[in-house]
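The values are calculated or read from the model by the stated rules, or taken from the named source; none is laboratory data. What you see is a predicted model, and the numbers here were worked out from it, not measured in a lab. We place every Cβ from the backbone using ideal geometry, glycine too, and count neighbours over all the protein chains shown. Ligands, DNA and RNA are excluded from the accessible area calculation, which covers all protein heavy atoms including side chains. Shrake-Rupley method; radii C 1.70, N 1.55, O 1.52, S 1.80 Å.
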Amino acid sequence: MLEYSEAVAEAIVKGQPVVALESTIIVHGMPFPQNLETAHLLETTVRERGAVPATIAVLEGKIRIGLDPASLEKLARAQNVAKVSRRDLPVVLARGGDGATTVAATMICAARAGIQVFATGGLGGVHWDGHNTMDVSADLTELAQTNVAVVCAGAKAVLDLGRTLEVLETLGVPVIGYQTDAFPAFYIRDSGFPVPARLDDPDQIAQMLQTKWDLDLKGGAVIANPIPPEHAMNAGEMNAAVEQSLQEAAQQGITGKEITPFLLDRMQQHTQGRSLAANIALAKNNAALAADIAVCMKRNLP
Ligand code: PSU
Ligand code: MN
């Protein structure tokens with residue numbers, strides 16, 4: 001069920017470092033054409049750091065590990081490609097359909113392909129009032145069971161980050177601050193919550209992951225990488241836009257898998273595109289760190 005691009009197949013055979021990239025961020029997280037530009041930017045960034053990018057999606061009922069430019073463009077322009085998380089994956093495959101993979105689904109596909117490091121923008125998590133609505137992203141439970149490290153700028157700022165961190169703790173998922181003591185809030189560097197652990201060097205992160213998996217401690221890890229300061233949003237502007245966007249979601253009765261794409265789109269409208277610029281910058285920063293970690297993991301092999 002897995003189909004590899006030539007570049008990724010070659011990298012895996014040669015034992016070169018590979019970084020997984022997801023497709024929901026392209027299809028549901030950003031508008032065209034910035035989504036396509038970002039997809040290319042992330043791939044280029046991974047290559048510049050000495051690793052091979054593997055953007056993952058479902059196309060015509062096949063899990064694609066690495067996309068050719070035409071498939072990437074088709075996805076970026078598509079209007080009604082399904083958002084595919086763990087529960088949706090077997091359905092879209094059986095139907096022979098197309099799908100953009102979330103963090104959870106991308107982790108599953110990456111693990112099957114033997115890819116250990118994955119870069120995205122921001123993790124899913126516990127939504128506001130999620131302790132009542134039970135809207136908790138399947139990204140969190142995936143991190144408890146699938147051995148892939150997720151490099152992200154924390155969880156998305158539209159979420160309840162305190163409860164998101166509590167759930168990650170319960171699930172036994174390491175949350176590592178990269179060169180920071182603060183859990184980042186996607187568009188800004190500090191959510192006000194501390195990270196449980198900090199590591200300052202990609203090689204230490206690679207060693208932590210190797211140790212976790214050598215010990216047979218099932219599951220992934222969150223590598224929380226704050227947005228570079230020059231690209232961070234103003235916290236006041238961000239909080240006001242989050243507030244407004246959440247109100248609109250409530251008024252319009254948006255729930256379930258629609259809510260994250262809706263909120264990201266509203267954020268962009270309310271900030272005249274500044275949230276989108278920040279999202280692109282932080283995703284690029286994550287792709288670079290993910291490549292560095294993937295390179296260290298190959299270098300440390302016995
Ligand atoms: N990071 C971004 N933009 C995104 C996402 C991550 O910068 O759109 C996506 C990921 O695919 C993640 C999803 O899995 O948002 C979370 O969706 P939900 O809250 O429905 O689980
Ligand atoms: Mn949800």
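Rank these by accessible area, largest first, 1.4 Å probe: Asp265, Asp160.
Values: Asp265 70, Asp160 10 Å².
Ranked list, largest accessible area first: Asp265, Asp160.
Leaving out ligands, DNA and RNA but keeping every protein chain, what accessible area does Asp201 have, in Å² rounded to the nearest 10, with a 1.4 Å probe?
Roughly 70 Å² of Asp201 is accessible to a 1.4 Å probe.
In square angstrom, rounded to the nearest 10, how much accessible surface does Glu73 have for a 1.4 Å probe?
It works out to around 70 Å².
Helix-only mean residue ellipticity at 222 nm, the chain, DSSP H runs n ≥ 4 weighted -39,500 (n - 2.57), per residue, nearest 500. What is it? Walk me through the numbers on the way to the answer.
Numbers: 13 runs with 144 residues, N = 302.
For the chain, the value works out to -14500 deg cm²/dmol.
Name the residues whose placed amide hydrogens come within less than 5 Å of the amide hydrogen of Arg198, ignoring near sequence neighbours (fewer than 5 apart) on the same chain.
It is Gly177, by chain and number.
Once the convex hull of the alpha carbons of the stretch 5-56 is built, what does its volume come to per residue, in cubic angstrom?
65 Å³
Based on the inverse mean of 1/r over its pairs of different Cα atoms, what is the Kirkwood hydrodynamic radius of the stretch 233-291, in Å?
Over the stretch 233-291, the inverse of the mean reciprocal pair distance is 12.3 Å.
Out of the total accessible area of the chain (probe 1.4 Å, heavy atoms of protein only), what percent is carbon and sulfur? If you can, show how the numbers build up before the last one.
On the way: 6530 of 12890 Å².
So the carbon and sulfur contribution to the accessible surface is 51 percent.
Compute the convex hull volume of the Cα atoms of the stretch 171-302, divide it by the residue count, and report the result per residue in Å³ as a whole number.
Per-residue hull volume (Cα only) is 124 Å³.
So what's the stretch 42-89 giving for Cα Rg divided by 2.2 N^0.38 Å, two decimals?
Expressed relative to 2.2 N^0.38 Å, the Cα Rg reads 1.28.
Taking the alpha-carbon distance from Lys284 and a cut-off under 14 Å, which aspartates and glutamates remain once sequence neighbours fewer than 8 residues away in the same chain are dropped?
In chain and number order, the partners are Glu22, Glu37, Glu43, Glu48, Glu230, Asp292.
Which ³J(HN,Hα) values, rounded to whole Hz and listed in residue order, are derived for the stretch 195-203 from phi using the Karplus coefficients 6.51, -1.76 and 1.60 in 6.51 cos²θ - 1.76 cosθ + 1.60 with θ = phi - 60°, glycine and proline given as x?
8, x, 8, 10, 10, 9, 9, x, 5
If I stretch the segment between Glu60 and Met134 completely, what's the gain in nm (0.36 nm per residue apart, minus their alpha carbon distance), one decimal?
Computed gain between Glu60 and Met134 is 23.4 nm.
Under 24 Å between alpha carbons, and skipping anything fewer than 8 positions from Lys62 in its own chain: which lysines qualify?
In chain and number order, the partners are Lys14, Lys74, Lys83, Lys257.
Can you list the residues, at least 5 places off or on another chain, whose amide H is less than 5 Å from the amide H of Ala155, using H built in the peptide plane?
Under 5 Å from the amide H of Ala155 lie the amide H atoms of Leu123, Phe186, each far enough along the sequence or on another chain.
Amide H neighbours of Ala221 under 5 Å, counting only residues 5+ apart in sequence or on other chains, H built in-plane at 1.01 Å?
Under 5 Å from the amide H of Ala221 lie the amide H atoms of Val148, Ala149, Val150, each far enough along the sequence or on another chain.
Normalized C-alpha radius of gyration of the chain, against 2.2 N^0.38 Å?
Computed over Cα atoms of the chain, the ratio equals 0.91.
Over the residues of the stretch 67-189, compute the C-alpha Rg and express it relative to 2.2 N^0.38 Å.
1.12
Label Gln210 and Glu166 with points 7 Å out from Cα along Cα→Cβ: what is the distance between them in nm?
Output for this residue pair reads 3.7 nm.
In whole Hz, what ³J(HN,Hα) sequence does the stretch 206-215 give by Karplus (6.51, -1.76, 1.60; θ = phi - 60°), x for Gly and Pro?
Residue by residue, the stretch 206-215 yields 4, 5, 4, 5, 4, 5, 4, 7, 4, 7 Hz.
For the chain, what relative contact order do you get, as a whole percent, if you take Cα pairs closer than 8 Å and at least 6 residues apart?
Relative contact order for the chain comes out at 20 percent.
Please sort by residue number the trypsin sites (Lys or Arg not before Pro) in the stretch 176-240 whose DSSP state is loop and whose Cβ has at most 15 other Cβ atoms within 10 Å.
Those satisfying the criteria are Lys218.
For the chain, set up a Gaussian network in which alpha carbons nearer than 10 Å are linked by springs, and say which option among Thr106, Thr146, Thr170 fluctuates the most.
For the chain, modelled as a Gaussian network with Cα springs under 10 Å, the answer is Thr170.
Describe numerically, in nm with one decimal, the distance between label points set 7 Å from Cα along Cα→Cβ at Arg198 and at Arg77.
Each label point is offset 7 Å from its Cα along the Cβ direction, giving 4.7 nm.
Springs between alpha-carbon pairs under 10 angstrom, Gaussian network model over the chain: which of Thr45, Thr211, Thr120 fluctuates most?
Thr211
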